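Chemist: Shown below is the structure under consideration.
Quick note: the coordinates plus some simple rules give every number you see, no bench work behind them. Just so we're clear, the structure is a prediction, and the values are computed from it rather than from any experiment. Cβ placement follows ideal geometry from the backbone for every residue including glycine, while neighbour counts extend to all protein chains displayed.
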Amino acid sequence: MKQTEINVAITSDFDDRGFHNVLEWIMVILFPFSTLAVYGYCFMNIPVWTYWFVVPLILLSLFISDILTGFVHWLADLYGSPTTPLVGPNFIEPFRWHHIEPTAMCKHNLAVTIGNSCLFAVPLQVLLIICMGHYSDSPLFNLSSLVLNTIFIATVLTNQFHKWAHSSPDDRSTIAHYLQKWNLILAPDHHQEHHTPPHTSSYCVTNGWANPLLNKIGFWKKMQWVLSYLGINPDKSSHI
Ligand SMILES: [Zn+2]
Ligand SMILES: [Zn+2]
C-alpha cells in the first residue's frame, strides 16, 4: 500500500481527543493508588514463608507481560483497521501510525502514552481489591494477585518503555538508560529488529525477553496461520 493512501486512513492527532483524553488523565492519576493498594493488601496478607516466591513470581510476571504486549501489538499491526469500532481509533490507529513515524510517540504526553492501558488496569485492580477482601486468608490468592498486579504495572508502562526505546539518548532519563542497559525494559537496539523490514518479528515491547524464543519457533507466523484457518485474515490495507 502506498504511503499517501495509508496517511488518508491514519491521522497523528492523538493529543486532542476530548472526553477520552480527560478520562485517560483521571485513570493515569488513579493508577499509582490502585497499584499500591493491591500490593499493600498482598504484603499484609501473605505469610513470611511465601516471601521466597516473590522475586521469581515478579520475573515470571514480567515475562508474561512481554508476551501479552507482543500479542496485542501483533493483533493491532495485522488485524482490524483504524476504522474498526471502539478499538480502531484508540488502539489500531496508534500502532499503524507508529510504523510510519516511529518517533512520533516521543511527543505524546503521559496520558496519551499510558492512558488507554490505565483505562483497562484500574477497574481490574479495583475488582481485585474487592476479591482480596473475601480471600485474604489464601496465600495462593494473594500471590496470584501479586502476579496480576505486576502484569498490570508492566503492561501499563510498556508504552512508556517503548517510547524510551525510540527517544534520543538526551531525552532519556538516567534511570531509563540503566533499565535499558540491564535489559529490564525494552532496549533500542533490540526493538530495532521490529522496525526492520519485513516487520514480522520481535513484537514484544515490555522488555523483549520473549522475542528470541517466539521468533525462533515462528510463533507469530503460526498464530497467523491458525487465525487464517479459522477464517480470520490480516487487514489487506495494513502497511505490513
Ligand atoms: Zn509493529
Ligand atoms: Zn517501536
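Chemist: Give, in nm to one decimal, the length gained when the segment between residue 36 and residue 174 is fully stretched (0.36 nm per residue of separation minus the Cα-Cα distance).
Modeler: Between residue 36 and residue 174, full extension yields 47.3 nm more.
Chemist: Roughly how far apart, in whole Å, are the Cα centres of the stretch 50-116 and the stretch 186-240?
Modeler: 13 Å
Chemist: Among 53, 113, 154, which residue has its Cα furthest toward the positive end of the charge dipole of the stretch 3-229, with +1 on Lys/Arg Cβ and -1 on Asp/Glu Cβ?
Modeler: So the residue furthest toward the plus end is 53.
Chemist: Still on this structure, I have one more. Applying 1/(1 + (r/R0)^6) with R0 = 22 Å to the Cβ-Cβ distance of residue 20 and residue 167, what FRET efficiency is obtained, to the nearest 0.05?
Modeler: 0.35
Chemist: Determine, for each peptide in 50-56, 208-214, 150-156, the mean count of other beta carbons within 10 angstrom over its residues, then list the peptides with the highest first.
Modeler: Going by the mean number of other Cβ atoms within 10 Å, highest first, we get 150-156, 208-214, 50-56.
Chemist: While we're here: How high is the relative contact order of the stretch 40-128? Use alpha-carbon pairs under 8 Å, at least six apart in sequence, and give a whole percent.
Modeler: Relative contact order here is 14 percent.
Chemist: Taking each full run of DSSP H in the chain as one helix, which ones are at least 18 Å long along their axis (Cα atoms) and have mean Kyte-Doolittle hydropathy of at least 0.0?
Modeler: Qualifying helices: 19-45, 51-78, 110-134, 139-166.
Chemist: Under unit Cβ charges (Lys, Arg +1; Asp, Glu -1), what dipole magnitude, rounded to 20 debye, does the chain have relative to its Cα centre?
Modeler: Value, rounded to 20: 440 debye.
Chemist: Something else now. Just name one of 211, 186, 125: the one whose Cα is farthest towards the positive end of the charge dipole of the chain (beta-carbon charges, Lys/Arg +1, Asp/Glu -1).
Modeler: Sorting the options by dipole projection puts first 211.
Chemist: Taking all pairs of distinct Cα atoms, average 1/r, flip it, and tell me the Kirkwood hydrodynamic radius of the chain in Å to one decimal place.
Modeler: 19.1 Å
Chemist: For residue 83 and residue 183, calculate 0.36 nm times their separation in residues minus their Cα-Cα distance, and state this gained length in nm to one decimal.
Modeler: 32.4 nm
Chemist: Does the stretch 134-187 come out rounded, prolate or oblate, given a ≥ b ≥ c as the square roots of the eigenvalues of its C-alpha gyration tensor, rounded meaning a/c under 1.5 and, failing that, prolate meaning a/b above b/c?
Modeler: It comes out prolate by the Cα gyration axes.
Chemist: Longer than 28 Å from Cα to Cα, which of 107/221; 181/222; 181/216; 107/222 are they? Say none if no pair is.
Modeler: From 107/221; 181/222; 181/216; 107/222, over 28 Å: 107/221; 181/222; 107/222.
Chemist: Another one. Along the Cα-to-Cβ line of residue 57, 7 Å from the Cα, sits a label point; which residues in the stretch 92-127 have backbone N less than 18 Å from it?
Modeler: Zone members listed by number: 125-127.
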